[in-house]
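Peer 1: Can you read through this structure? Questions will come right after.
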Amino acid sequence: MPHEVTLITTIAAALGAALVLGLLAVRLRLPALVGYLLAGMLIGPATPGFVADLSLAGQLAEIGVMLLMFGVGLHFSVADLMAVRRIALPGAVVQVAVATALGWGVATLWGWNWGAGVVFGLALSVASTVVLLRALEDRHLLDTTNGRIAVGWLVVEDLVTVLMLVLLPPLAGFLAGGAAADGLGRTLMVTLGQVAVFVALMLLVGRKLFPWMLWQVARTGSRELFTLCVIAAAVGIAFGASALFGVSFALGAFFAGMVLRESSLSHRAAEETLPLRDAFSVLFFVSVGMLFDPMVLLERPLQVLAVLGIVILGKSLAAGLLVLLLRYPLNTALTVSASLAQIGEFSFILAGLGASLGLLPPEAQSLILAGAIFSIALNPVVFGLAEPLQAWARRRSTLARRLERSLDPLAELPTTVEPHKLTGQVVLVGYGRVGRSVAEALSADGIPFVVADSNREQVEALRAQGIPAVAGDASEPSVLIQAHVARARLLLVALPEPFGVRRMAETARMLNPGIDIVIRAHNDEEARLLETETGATVLVERAVLADRMAELARQALSR
């Protein structure tokens, strides 16, 4: 094959194999990511037949890493993270520490040095944001309190990973056992100084310069120039960060996304660059799959099982217990646990860096890849078990019920709430975007209401504003009892997901047979099911919007 078409051959083989196996994975109700990794294995050196150019695939993977991290930075919201900071920050940090310790422990038993164990544990501690977002979207959980907590948790994990990508190169000699402590301190100071200069430059200059540049390009009206500007900024900043400041491509691309997020055109930038980011992300996963040696399944089956045990059981149990200790409901603990029961792109990035620095033995990458493939494939099953497990635990275990609500001051309505606000009031379940708008309208009309929401930080904020609110899962009778549903005029469920709504309606009607119930639904089929099961008034978002637009059109035409 002529040298000049090797790149074309590699891209064609990678995308073609990814398409076929990704489609097969989706047909089998598995994440497409599993198919991409298997496609890499198919065209890699560990399997017979065609072998793609591994060095070119590695460079394509670097671009994929840049665009993946750029996308993470573009969607990174400090406000969203701060909304769940009290659970996401301590929870993610402790969970990463526990998973790292578990990985270090098994690596030590296998005879690896302690530095290899630390890097190995770190790689097993970080879940895939791509897999999580897809799982939450498929289950309509992304805009829920539990979904926001899970995403915030992973954002903290991502930030920890970014920090590790910065610190691993200067720490490599120390972790390998060959660096002196005094030399290590100087190296760390230089590295952190370079990173600090780069971050300061991006925050002080970049956050003004690049959004301004994006506006100038957008004013030309050229879509292709706009897309080119965004991609050039992402790749250019990543390369410049590496060349000038010694910062990794990943960190440079992450900050490129963060500064472009400051522009009001960030949503358009994310939307128009999505196809290119998706294409190179696929190439990244394929290139990672090319490094996988399937013989590890035959030669080291117990080690593969140990990796899966840490990923699916170890860190998930640790996360679930932490959530319960922070006084969040059982369903939040199970959602977070299921969200973390897999590893993905950041694990590959950490493993690749660890291997390039000589910290990880050759079999480590194959073990991490095996853990990723199986944990991602099993993640829909883990999510599917969450709700039945929750129902079983609540029904059979007194301890589970106590853990869910024990000694939580936010689970009870304050005694200082005026009695007239708890008679004929509206019980508003869910204080997301829809719930907040409803609350503002009720306040403007002087209608009393009580909010029930799973987000403890949100409940604390509402109480600080003088709004009666109770923390907990409203499908639990005790939450609606605390909201005084027995004396309420209306139960309004503004949650974006239907789970538990039937139990809410049953509890409300048992305590208050004459209460009116209004429920939010996503589509007509879901609305019909909820109406049949609850007898409530169900509003479909699309239909309500269409009715309102038609009403405005009639008003405009009648003038």
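Readers should treat all values here as calculations from the given coordinates under stated rules, not as data from a laboratory. From a predicted model like this one, the values you see are computed outputs, not experimental measurements. Here Cβ is always computed from backbone atoms with ideal geometry, including for glycine, and neighbour counts include all displayed protein chains.
Peer 1: At q = 0.17 Å⁻¹, what is the base-10 log of I(q)/I(0) for the stretch 409-557 according to the Debye formula with one equal point scatterer per Cα and no solvent? Please give it to two decimals.
Peer 2: The Cα Debye sum returns log10 ratios of -0.93.
Peer 1: Apply 1/(1 + (r/R0)^6) to the Cβ-Cβ distance of L54 and N113, taking R0 = 25 Å, and write down the FRET efficiency to the nearest 0.05. Don't jump to the answer; show the numbers that get you there.
Peer 2: Values: r = 27 Å, r/R0 = 1.07.
My answer for the efficiency is 0.40.
Peer 1: Next question, about the same structure. Could you check the simple spin-label distance between D547 and L298, using points 7 Å along Cα→Cβ, in nm with one decimal?
Peer 2: With each label placed 7 Å out from Cα toward Cβ, I get 6.4 nm.
Peer 1: Taking Rg and Dmax of the Cα atoms in Å straight from the coordinates, which label in (i) 25.8, 84; (ii) 24.4, 79; (iii) 23.6, 73 is the correct one?
Peer 2: Matching the structure shown: (i).
Peer 1: Over all directions, average the projected area of the Cα convex hull of the stretch 468-516 and note it in nm².
Peer 2: Details: hull surface 12.9 nm².
For the stretch 468-516, averaging the hull's shadow over all directions gives 3.2 nm².
Peer 1: Please rank V119, V323, fewest neighbouring Cβ atoms within 10 Å first, as an exposure proxy.
Peer 2: Working: V119 29, V323 25.
Exposure proxy ranking, most exposed first: V323, V119.
Peer 1: Please name whichever of F239, M258, G309 sits farthest to the positive end of the charge dipole of the stretch 3-393, dipole taken about the Cα centre and charges placed at Cβ: Lys and Arg +1, Asp and Glu -1.
Peer 2: Towards the positive end, the residue furthest out is M258.
Peer 1: Also, quick follow-up: How far is helix 362-396 tilted, in degrees, relative to the longest principal axis of the Cα atoms in the chain, given as a value from 0 to 90 rounded to the nearest 10?
Peer 2: 10
Peer 1: Can you give the FRET efficiency for E387 and R186, using 1/(1 + (r/R0)^6), R0 = 51 Å, r = Cβ-Cβ distance, to the nearest 0.05? Each step should come with its number before you reach the end.
Peer 2: Values: r = 54 Å, r/R0 = 1.05.
About 0.45, to the nearest 0.05.
Peer 1: Taking the simple approach of a point 7 Å from Cα along Cα-to-Cβ for both L539 and A464, what is their distance in nm?
Peer 2: Here the answer is 2.9 nm between the modelled labels.
Peer 1: Rounded to the nearest 0.05, what FRET efficiency is calculated for L24 and L203 with R0 set to 56 Å and r the Cβ-Cβ distance? Provide the component values of the computation, followed by the final result.
Peer 2: Numbers: r = 45 Å, r/R0 = 0.80.
Computed FRET efficiency for L24 and L203: 0.80.
Peer 1: Also, quick follow-up: Just want the ordering: M202, M504, from fewest to most Cβ atoms lying within 10 Å of their own Cβ. Working shown, then result.
Peer 2: Values: M202 20, M504 27.
Ordered by Cβ neighbours within 10 Å, fewest first: M202, M504.
Peer 1: Now a separate question. Please report the spacing between the Cα centers of the stretch 51-67 and the stretch 246-323 in Å, no decimals.
Peer 2: 15
Peer 1: Which value, in debye to the nearest 20, gives the size of the charge dipole of the stretch 3-393 about its Cα centre, when Lys and Arg are +1 and Asp and Glu are -1 at the Cβ? All intermediate terms of the calculation are to be shown ahead of the outcome.
Peer 2: On the way: 18 positive and 20 negative charges, 163 e Å.
My answer is approximately 780 debye.
Peer 1: Full extension from E531 to S437: what is 0.36 nm times the residue separation minus their Cα-Cα distance, to one decimal in nm?
Peer 2: On the way: separation 94, 0.36 × 94 = 33.84 nm, distance 2.35 nm.
Value of the extension gain: 31.5 nm.
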